[in-house]
Amino acid sequence: MAVGVRSTCVTVKPAWINGWFHVLFTKPALDVDGRGHELRWGVNYIDIPLDARTIGVYFHYRGRPQQRLGLTETVRDMHDGGRLFARLGVRNSAHFHITVS
């Protein structure tokens, strides 16, 4: 049975103070029910299945896609809109703050 998808605008930003480091040395990614999807810092458009339960955002160092640093997950609501905004915290051990609208 085919599952519908929704095109979702995913905006991923590092903290302003260490943003230059992340843009040069890391790549963000989206985790949808355990499956990773590469992103880039800034605005991304990705198709997310309508039956997806959990969505997470993380980053990894370039060349090491198996890492899932700063992973933050949220449970998806059936009524969520088509936008997801994630900002990484300032500290080295910080996680993403996710807003869904």
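Here's the yes/no breakdown for (1) closer than 13 Å to VAL100 by Cβ; (2) part of a strand (DSSP E or B):
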| residue | (1), (2) |
| --- | --- |
| THR8 | yes, yes |
| LEU24 | no, no |
| PRO28 | no, yes |
| ARG40 | no, no |
| ASP51 | no, no |
| VAL57 | yes, yes |
| GLY63 | no, no |
| GLU73 | yes, yes |
So how many residues does region 61-90 have that are open to solvent by less than 60 Å² (accessible area, probe 1.4 Å), more than 11 Å from the chain's Cα centre (by Cα) and closer than 13 Å to VAL12 by Cα? 1
Condition set open to solvent by 60 Å² or more (accessible area, probe 1.4 Å) and part of a loop (DSSP other than H, G, I, E, B), scope region 91-101, selection modelled with the highest pLDDT: answer is HIS95
Can you confirm whether region 79-86 contains a residue that is touching a residue at least 60 places away in the same chain (Cβ under 8 Å) and over 18 Å from VAL5 (Cβ atoms)? yes
Count - residues of region 23-60 that are among the hydrophobic types (A, V, I, L, M, F, W, C), within 14 Å of THR8 (Cα to Cα) and open to solvent by 60 Å² or more (accessible area, probe 1.4 Å): 2
Pairing a residue in region 23-44 that is at positive phi with any residue that is open to solvent by 60 Å² or more (accessible area, probe 1.4 Å) and modelled with pLDDT under 95, where Cβ atoms lie under 6 Å and the two sit 6 or more apart in sequence or on different chains, gives ASP33/ARG53
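The values are calculated or read from the model by the stated rules, or taken from the named source; none is laboratory data. Since the structure is predicted, the reported quantities are computational estimates derived from the model, not experimental observations. Because the Cβ atoms are built from the backbone with ideal geometry, glycine has one as well, and the counts that use them run over all protein chains shown. Note: accessible area is taken over every heavy atom of the protein model, side chains too, but ligands, DNA and RNA are not part of it. Shrake-Rupley method; radii C 1.70, N 1.55, O 1.52, S 1.80 Å.
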